[in-house]
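So the structure is just underneath, and the comments pick up after that.
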Amino acid sequence: MPDSIPTPSSSPSLPKVSSSPFQIPSSLAFGQQAPIWRERLERFTRPKFLVSAFLATSAFYCFVIGRDRYTSVSEFVIQQAIPLQGSSASVLAGAASAPQVLTSLVDGQYLQVYLESSDVKSRLFSDGKKLEQNYSKKFPDFWTGLSPKSSAPKQLEFYRKQLSVAPQPLSGSVILTTSGFTPEQAFNLNNDLLKQSRRFVNEVNQSINADQNLFAKKEVRLAEINIKAATRKLELFRERHGNLSVETEQATTSSFISGLESQLVELKVEEAALRRQYRDPNAPEVAFVADQVKELELQIRQERNRALSKNGRDLNALVLEEAGLISDVEYATTTLQSARLAADNSRRESQRQLKFVVVLSQPQLPVSPDQNWRWQAFLGSIGIVVVAWGVGGFLLSAMRRS
């Protein structure tokens, strides 16, 4: 029996041929496309491409998108009406002395802190919503400006960025620079800060001088009260003792007792002479003189008791008390004279040390935008790239060595 011819169903399977000669198998196509995307991804993640993209973005923002900013500049100096001659080192210090330039520099540094404070910000922009409206973000630059409903610290930080107060060490002057998105904003802010500077210098300087004068006047009033009290005590003391000077009265009493003692000595001499003359000790002449001696001794004893005993006037203690009261009056008088002299000197020194803000250069309304910030921002981005490149290279080299 002849071999049977195999049927198509039993024929071996052959690979199917695509109807299109340009069609690539899916497995082969995926294998070829994967390296292309990987190569493109690697190209995009190369450091050179990232640096170029960063610098291009920075340049596009700084020179195309960034909003125009206007700058207004003024310069002033804090000056005294009369040159310094051992005067205070600053508006807020009253003891040390320094040259005029150092004094102006110190005052400028105090003023710098004050102008950047939240107090001045609140004075100039009492309404936070108005500040947000004046410096709100605008299309296409959504980077600079204030966001709606910003917090108080954010507003203060933004306000500080709009001004620059630079005291000059060599001349003692202060350069005030303000910026804004419009010429009017920069110009008005500079004028307002100049007014706040005058108010600060005048109020602080005058308040300190007023405090010094007030202290001096209080010392004068206190000295007047003390001298009145000391004088009144002395008057009351003398009224209690007959409106006489105890020291004078003591001197008079001592002189009187001394006179009596001199008479006593004379009478005793006379008595002794009479006793030698008369043999009878009870003779009238001797008795008369003896009685005078006894009376004089009794009188002297009484005067001494009256002047020195505690039951008497005790002139020694009264003299000491009166001397203390007189010393209090003299001390109070000297203190009053010194207080009046100090008050007069304080008044003159306060007038001599009055300080004023002398404007050397008035602010001007800007006529063209300030381009410095654009170059500064772009150069800053270049600096960031240089620093990042150097730090990254150092870290990579360190990692390879390890």
Worksheet, complete the sentence: Taking R0 as 60 Å and r as the Cβ-Cβ distance between GLU116 and GLU321, the FRET efficiency 1/(1 + (r/R0)^6), rounded to the nearest 0.05, comes to 0.40
Practice prompt. For GLN168 paired with SER147, estimate the spin-label separation in nm (one decimal), with each label point 7 Å from Cα along the Cα-to-Cβ line.
Written response: 4.1 nm
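Among SER361, SER72, SER117, what's the order by accessible area (1.4 angstrom probe), most exposed first? Walk me through the intermediate numbers first.
Working: SER361 50, SER72 0, SER117 30 Å².
Output order, biggest surface exposure first: SER361, SER117, SER72.
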Discussion item. Over 18 Å between Cα atoms: which of LYS121/LYS154; LYS218/LYS355; LYS137/LYS195; LYS130/LYS154; LYS121/LYS161; LYS268/LYS294 fall into that group?
Written reply: LYS218/LYS355; LYS137/LYS195
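Just reorder PHE158, PHE139 by solvent-accessible area, largest first, 1.4 Å probe, all chains present.
Details: PHE158 25, PHE139 170 Å².
The ordering from most to least exposed comes out as PHE139, PHE158.
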Item to complete: Determine Rg/Rh for the range 109-164; Rg is computed over alpha-carbon atoms and Rh is the Kirkwood hydrodynamic estimate from the same atoms.
Response: 1.00
Fill in: With DNA, RNA and ligands ignored, accessible area of ARG238 (1.4 Å probe; Å², nearest 10)
80 Å²
Worksheet item: What order do THR103, THR252 take when sorted by accessible area (1.4 Å probe), most exposed first?
Response: THR252, THR103
Fill in: Calculated SAXS-style log₁₀ I(q)/I(0) at q = 0.10, 0.11, 0.17, 0.18 Å⁻¹ - the range 108-254, Debye, Cα scatterers
-0.56, -0.61, -1.01, -1.07
Item to complete: Return the distance in nm (one decimal) between the two label points of a simple spin-label model at LEU124 and ASP211, each offset 7 Å from Cα along Cα→Cβ.
Response: 2.6 nm
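Pulled fully out, how much extra length does the chain show between ARG275 and SER52, if you take 0.36 nm times their separation in residues and subtract their Cα-Cα distance? Walk me through the intermediate numbers first.
Numbers: separation 223, 0.36 × 223 = 80.28 nm, distance 14.43 nm.
Here the answer is 65.8 nm.
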Item to complete: Quote the FRET efficiency, to the nearest 0.05, computed for GLU235 versus GLU261 with a Förster distance R0 of 35 Å and r equal to the Cβ-Cβ distance.
Response: 0.50
Discussion item. With a 1.4 Å probe and all protein chains kept in place, how much accessible area does ASP192 have, in Å² rounded to the nearest 10?
Written reply: 60 Å²
Discussion item. With N set to the number of residues, divide the alpha-carbon radius of gyration of the range 339-392 by 2.2 N^0.38 Å and report two decimals.
Written reply: 2.66
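Kindly rank 173-183, 127-137 from highest to lowest mean number of other beta carbons found within 10 Å of each residue.
Working: 173-183: 20.4, 127-137: 14.6.
Highest-to-lowest ranking by the protection proxy: 173-183, 127-137.
The values are calculated or read from the model by the stated rules, or taken from the named source; none is laboratory data. Everything quoted here is computed from the prediction, not taken from an experiment. In this analysis, Cβ positions are derived from the backbone assuming ideal geometry, glycine residues included, and neighbour counts consider all displayed protein chains. We work out accessible area using only protein heavy atoms, side chains counted, and drop any ligands, DNA or RNA first. Shrake-Rupley method; radii C 1.70, N 1.55, O 1.52, S 1.80 Å.
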